[in-house]
Each structure stands twice: as C-alpha cells, then as structure tokens.
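This report refers to the structure that appears directly beneath it.
The values are calculated or read from the model by the stated rules, or taken from the named source; none is laboratory data. This is a predicted model, so every value here is computed, not measured. Because the Cβ atoms are built from the backbone with ideal geometry, glycine has one as well, and the counts that use them run over all protein chains shown.
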Amino acid sequence: MSRRLQEGRAQHQRYKEDVEKRGKSFYPYAMFHDTVMSLVVVAVIVALACIWYLTAEVNEDGSSGSGALGVLYEDKADPGTTSFIPRPDWYFYFLFYLLRIFKWPDSVILGTVGIPTIALILLLALPFIDLRRERRLVRRPVAVVAVILTALSMGVLTYKGAVAEEGSEATGLVPEWIERFSIPPGDASEGAEIFSVSGCLNCHQYAGEGVPNLGAPELTEEGNKNRGVQWQIDHLECPSCVTPGSPMPPYEDLGQDNLRKLAAFLEASKGEAAGGEAAG
Amino acid sequence: MAITPPPARRRKRRMDKVMPLVMMPVNWLEERSGLVGGLKYFLFRKVPSDINWFHTLGSATLTAFIVQAVTGVILAMYYKPHPDTAYESIRYITNEATLGWLVRGMHRWGASVFIILIFLHMARVFLFGAYKYPRELNWIVGVMLLPLAMLEGFTGYLLPWDQTAYWATVVGINLNGTGPVVGPFLAQFLRGGDEIGTDTLTRFYAMHMLLLPGAIMGLIGLHLYLVIRLGVSSPPWSKDAAGSEREERPSGDPGLVRPRARGRVAK
Ligand code: HEM
C-alpha cells in the first residue's frame, strides 16, 4: 500500500473523528444556509422570467418584440429561409466561437470534438493526476493558474461569441464585387445577388465581408479550385453528401434556378489577380 | 416569567393524547421501512463546523434542477411535439395559458441558472481540493453530470421550433457529424433521418424529458449518497479543518474515547 494512500486513510479517519467530536448537526445549521441559498436561486429564476416576459411585447400579429432579455419566440421554423443566423444558447457560445479559430477541413475536428473531449478526459482524470494531499491554495499554484486560465478563456470566448457581429446582408457590395473581380454579367452576377442575401456570409467571408464561422473557407477565390458548376450545385444541394461531415446547411430549397446562378458566381470568383479570364 | 401552571398542565395532557396519534403512522412507517431513521440520520448527521456559504452551491444546483423538473412537467402537459403544432403550443403557453409565461420563463432561464451553478459548484470543489481521496468517485460522478446538463440545453433548444431553434440545431447536428468514425452515425441518429423534421423533434423531446433527466436524477442520487457517506470537506484554509494534522494529539487522546454516535440513528 502506498504511503499516500495510508496518509489519506489516516486523514479521513481523523476527519470522521473531528466531525463527530466538534462538528455541528446538519439540521438546522447547514440546512439553514442551504435553504436561504435555494430561495435566492428560485427568486433569481422567477425574476429573470418576469423581466423576460414583462419587457417583451407581443405584437398584433402574435409575433414577439424583443425585451430586455430577448424575444419570447422567433418566427416559426422555416427550412426554406436561408438568411437565418444560427445561434446556440449562450453557454455554447464558447464552443461556437472556438470554431472560428479552427479552419475547415483540417482542424475543425479539433474544435468540435478534440478540445471538449480533452477537457472532459482531463476533468475525469484529475483526481488521479493530482494525488497530493495538499489542499491549501497557496501550495497549489498550478491548480490556481489552471482555474484562472480556464475561467478567463471561457469567459473571453463566451463574450466574443456573444458580441460577434453577424454576417449582414451585403447587397450593396454586389456592384463592387462584380467590378473588382470581373464577375461576368448574366447568371454569375445574378448569383452574386443571391449570394449576398442568402446568409452565406454568416459562415463565409467574401472579399473581407462576412464572419468566419464553423471553419468555413473564404470564398473570394473559390473559382480557382475549379470544382465545376455541377459540383457546386451538388454541394449546395447537400453539402454533407459531397463533403462528408460538412456542417454547412443544405440549400436545395433555393431552387435549381438559383442554385445554378450561385454556382456560376462561385466558379467566376477567382480573386483579383485571375479575375475574369476563365469565367463564363 | 409568569408561569400559569394550570393551562400548561392542560396543554401537556392534550399533548399526551395527541402525540401517540402523530407517532403511530411514523412508527408504522419506521418499523416497515427504516425510512424515518434514515431521514433522522440525514438531518442530524454531523458536518464540519467550519463549512460556509461556498458549500451551498451544491444544493443551489440541486434546487435549480428541481425547478427545471417541476416546470418541465407542467410544460409537457401543454407542449405538442410535432413540427405543425410545437410552435403553436409554445405560443399558446406563453400568451394564453394561465401563468404559462411564468412556467416557460422559469424553465428557460432556470436552464441558464442551472448551468452557471454547476460550473460554480465545480469550481468550488476544485478550489477546495475536495476531489481528493476519498472523494474521487464523487468528482467523477459530477463530471458526468456536466455534459448531461449541457445536452439538456442542446435538446431543449430545438423544442420551441422557431427559427433560432431550428437553425441552431441544423448546425449543431451537422457539427456532430464532423466527429471521427461515429460522427456521421450520431448525426443521423439525432436527426432520425436525413432531414430535420418530425422525427428529429420527437427524438429530441424524448431525450430532453426522459432519457437525460433520468440519467441526471440517477447520478444526482449517487452523488448525494456519496456526499452523505463521505461527508463534505472543510475549507482548506480553515485553521480548524476537520482531519487536519494537529500536534497536540497524543496517541491516548481521551477525546477519542467518547460515547458513540449520540442520537444518530433512532432505532
Ligand atoms: C446536477 C449537478 C450537481 C448537483 C445537484 C450537485 C450537488 C451536490 C451537493 C448538494 C453537494 C454537497 C454540498 C456541496 O459541497 O456543495 C455536492 C458535493 C460535491 N460535488 Fe456536486 N453536484 C452537481 C454537480 C457536480 C459536478 C459537475 C462536480 C465536479 C465535476 C461535482 C463534484 C462534487 C464533489 C467532489 C463534492 C464533494 C465536496 C466535498 O466533499 O467538499 N458535483 N454536490
């Protein structure tokens, strides 16, 4: 038997004796604190519910205006709309934002699976990693630093996820794109229009516009990959069929016509240098 | 103090009559189950004298969970898990059902409070070094509760079937799909098919109100059993921490030979 275990047992034995001898009874002492705290918790929850409901207005048509704590509900789910910004509940923001740091396809797995799994394994293994009996914080500098770093990084990521700008509709930029990247008129230019209003910029960047999410690639030079129009259409219809595991939502609801135009636009997007040549 | 013996005596006589009536069912229950003794043990067990407000975070978390369970049951009485009706039932609960907004609001915000409290409780356990021998197992049970609680949040988020709910879940499930080997199967399983629709909603509903809460309740039970069995640790900075080494403890410490367990278990 290791010395450490022996020490631990002796200490727990002492603990039991001390508690028996000098401890106080759970009821009423500890129970009093617990009850006060529980009442505070319930009061906070009720208060949040009240603020949420009472500050939000319900409009004539039954839709909900935004109050101090946001809307009561959004519009009904509509798989056909594509400009909608996917946003998880706030306690997933840190994961969501983490994904901006990683890029598709190499390291996205690190963000979605890698880091959370490593964190969980570390947590599970903690009692077997830190075997010392020492509990005083001044003697556990590593633990203290670890807590501060974890709290800070989760706090910062959550905050950044919360204030992250959302890819706006960028219709106004379409003429500039057409000009700058020599997007040919016709399908490709109409595709640019569709691109700017279909929510693509919530995940992709185009010429610096939009926000990078979920590791989605920048699309300014998508055409240089020479995927071909049909490939683009297939990918847009069902991204995960073409690129297994793709988190990009399917866009078949846009309709064949629009998809063809989008694909033409993407294929014509060859960045500034190569602008124009092979488009058409 | 002005004592008026006659009424007091009368009161005592009344008590003598009433007490057996009160005690009869209690004794009946105790004789057949031992539950009363168990409850007495729970209530009158000794805890370290230096525990403080930080130790209330665990029961605060428990309270938040109970709020979720109670409000969740009420919501389930009105909620209709189908893409055609879910959104409408949520609106009905919010706008028309009596105090429905309060129940829904408490459930919605209680979820956030629950998550915050879990993290705070975990931080306090970590900072107190309370995961060390002999409490390793209880720490592990706690760590298992953490992702389960977050999954509750994830599955519950879809249920209102509004735009945020839908699109966040589209992306969330797709992200599951990026996982190696099991990822695509997991995504397929969560969706219940190739597209997010009726089957996804009922699946999420079943997980949200049966599978996950069941698992959480089981683990909380185990967690609390271990807390009671092992006792909570004193704050590490306490000069008088239970179990700390003290020089003035001679081997024949008379303090060690004392009557065993006064009134701990009523038998
Ligand atoms: C549903 C969530 C949870 C509930 C309801 C819960 C409840 C409790 C309660 C009531 C206590 C005793 C009082 C206290 O120390 O606060 C406790 C202690 C403890 N909890 Fe939790 N807990 C939860 C989650 C967790 C998590 C996520 C962890 C860690 C990863 C954890 C680890 C521990 C440990 C190690 C103790 C013993 C502390 C000591 O002996 O000082 N618990 N828990």
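Consider the range A:51-99. How many of its residues are touching a Lys or Arg at 6+ places or on another chain (Cβ under 7 Å) and closer than 16 Å to A:TYR159 by Cβ?
The number of residues fulfilling the criteria is 1.
Would you point out which residue out of B:GLY156, B:GLY142, B:GLY197 is within 16 Å of the ligand (Cβ to nearest atom), under 18 Å from A:LYS76 (Cα atoms), out of contact with any Ser or Thr (no Cβ under 8 Å at 6 or more places or on another chain) and more than 7 Å from every other protein chain (Cβ to nearest Cβ)?
Residue meeting the stated conditions: B:GLY156.
Among A:LEU236, A:LEU201, which is within 19 Å of the chain's Cα centre (by Cα) and assigned to a helix (DSSP H, G or I)?
One residue alone meets the criteria, A:LEU201.
Consider the range B:49-63. How many of its residues are of a type in the set (A, V, I, L, M, F, W, C) and within 6 Å of the ligand (Cβ to nearest atom)?
2
Residues being part of a helix (DSSP H, G or I) and in contact (Cβ under 8 Å) with a residue 60 or more places away in the chain: count how many of those fall in the range B:134-189.
10
In this structure, is B:ALA69 surrounded by fewer than 21 Cβ atoms within 10 Å (Cβ to Cβ), part of a helix (DSSP H, G or I) and within 14 Å of the chain's Cα centre (by Cα)?
Yes.
Return yes when A:VAL19 is crowded, with 19+ Cβ neighbours inside 10 Å and assigned to a helix (DSSP H, G or I) and no when it is not.
Judged against the criteria, A:VAL19 is a match.
Table: residues versus (1) of a type in the set (A, V, I, L, M, F, W, C); (2) within 16 Å of the ligand (Cβ to nearest atom).
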residue	(1), (2)
B:ARG13	no, no
B:PRO25	no, no
B:SER33	no, no
B:ARG45	no, yes
B:VAL70	yes, yes
B:LEU75	yes, no
B:THR85	no, no
B:ILE90	yes, no
B:GLU96	no, no
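Among the residues of the range B:224-232, is any of a type outside the set (Val, Ile, Thr), outside any helix (DSSP H, G or I), touching a helix residue (DSSP H, G or I) at 6+ places or on another chain (Cβ under 9 Å) and at pLDDT 90 or above?
yes
Which of the residues that make up the range A:106-159 are among the polar types (S, T, N, Q) and either within 15 Å of the ligand (Cβ to nearest atom) or farther than 25 Å from B:ILE115 by Cα (or both)?
A:SER107, A:THR150
Quick one: would you say B:HIS82 is touching a residue at least 40 places away in the same chain (Cβ under 8 Å) and more than 10 Å from chain A (Cβ to nearest Cβ)?
Here the answer is yes, as B:HIS82 does meet what is asked.
B:SER49 fails exactly one of the following numbered conditions: (1) out of contact with any strand residue (DSSP E or B) (no Cβ under 6 Å at 6 or more places or on another chain); (2) surrounded by 15 or more Cβ atoms within 10 Å (Cβ to Cβ). What is the number of that condition?
(1)
Starting from the range B:35-62, take each residue that is more than 7 Å from chain A (Cβ to nearest Cβ) and list its partners that are more than 9 Å from the ligand (Cβ to nearest atom) and not in a loop (DSSP other than H, G, I, E, B), counting only C-beta distances under 7 angstrom and pairs at least six apart or across chains.
Listed by first residue and then by second, the contacts come to B:LEU35/B:LEU29; B:VAL36/B:VAL26; B:VAL36/B:LEU29; B:VAL36/B:GLU30; B:GLY37/B:GLU30; B:LEU57/B:LEU120.
So for the range A:126-142 (the condition being without any contact (Cβ under 8 Å) to a residue 40 or more places away in the chain, surrounded by fewer than 18 Cβ atoms within 10 Å (Cβ to Cβ), more than 30 Å from A:LEU219 (Cα to Cα) and of a type in the set (Phe, Trp, Tyr)), does at least one residue qualify?
Yes.
Scan the range A:55-72 and give yes if some residue there is more than 9 Å from every other protein chain (Cβ to nearest Cβ), closer than 30 Å to B:TRP167 by Cβ and in a helix (DSSP H, G or I), otherwise no.
Yes: one or more hits.
Taking the stated definitions as given, is B:GLY177 farther than 30 Å from A:ASP61 by Cα, away from the ligand (no atom under 16 Å from the Cβ) and within 9 Å of chain A (Cβ to nearest Cβ)?
When the stated conditions are applied, B:GLY177 passes them.
Which of the residues spanning the range B:102-136 are more than 10 Å from the ligand (Cβ to nearest atom), surrounded by fewer than 22 Cβ atoms within 10 Å (Cβ to Cβ) and over 20 Å from B:LEU151 (Cβ atoms)?
Within the range B:102-136, B:LEU102, B:LEU127, B:TYR133 meet the criteria.
Given (1) under 30 Å from B:VAL182 (Cβ atoms); (2) modelled with pLDDT under 90; (3) not small (Gly, Ala, Ser), identify the lone condition not met by A:GLU277.
All conditions pass for A:GLU277, except number (1).
Can we say B:GLY129 is at the interface with chain A (Cβ under 7 Å from one of its Cβ atoms) and free of Cβ contacts under 8 Å to residues at least 60 places away in the same chain?
Considered against the rule, which asks whether it is at the interface with chain A (Cβ under 7 Å from one of its Cβ atoms) and free of Cβ contacts under 8 Å to residues at least 60 places away in the same chain, B:GLY129 comes out as no.
Against the definition (closer than 28 Å to B:GLY177 by Cα, more than 9 Å from chain B (Cβ to nearest Cβ), over 26 Å from the mean Cα position of the chain (by Cα) and surrounded by fewer than 17 Cβ atoms within 10 Å (Cβ to Cβ)), how does A:ALA43 come out, yes or no?
Against the criterion (closer than 28 Å to B:GLY177 by Cα, more than 9 Å from chain B (Cβ to nearest Cβ), over 26 Å from the mean Cα position of the chain (by Cα) and surrounded by fewer than 17 Cβ atoms within 10 Å (Cβ to Cβ)), A:ALA43 does not qualify.
Which pairs do you get when a residue that is more than 12 Å from B:TRP161 (Cα to Cα), found in the range B:192-203, comes within reach of a residue that is basic (Lys, Arg) and surrounded by 16 or more Cβ atoms within 10 Å (Cβ to Cβ), reach meaning Cβ atoms under 9 angstrom, with the pair 6+ apart or on two chains?
Partner pairs satisfying both residue conditions: B:GLY192/B:ARG203; B:ASP199/B:ARG191; B:ARG203/B:ARG191.
Under 7 Å by Cβ, and 6 or more places apart or on different chains, what pairs join a residue from the range A:88-101 that is within 22 Å of B:PHE114 (Cα to Cα) and more than 8 Å from every other protein chain (Cβ to nearest Cβ) with one that is modelled with pLDDT of 85 or more and not in a helix (DSSP H, G or I)?
Sorted first by the residue in the range A:88-101, then by its partner, the pairs are A:PHE96/A:PRO88.
Any idea which residue in the range A:248-260 is farthest from the other protein chains (Cβ to nearest Cβ), counting only those that are free of Cβ contacts under 8 Å to residues at least 40 places away in the same chain and not in a helix (DSSP H, G or I)?
A:GLY255
Just checking, how many residues over the range B:92-101 are within 9 Å of chain A (Cβ to nearest Cβ) and surrounded by 20 or more Cβ atoms within 10 Å (Cβ to Cβ)?
The qualifying residues number 2.
For the subset of the range A:22-40 comprising residues that are within 7 Å of chain B (Cβ to nearest Cβ) and part of a helix (DSSP H, G or I), which member is farthest from the chain's Cα centre (by Cα)?
So, considering only residues that are within 7 Å of chain B (Cβ to nearest Cβ) and part of a helix (DSSP H, G or I), the one farthest from the chain's Cα centre (by Cα) is A:ARG22.
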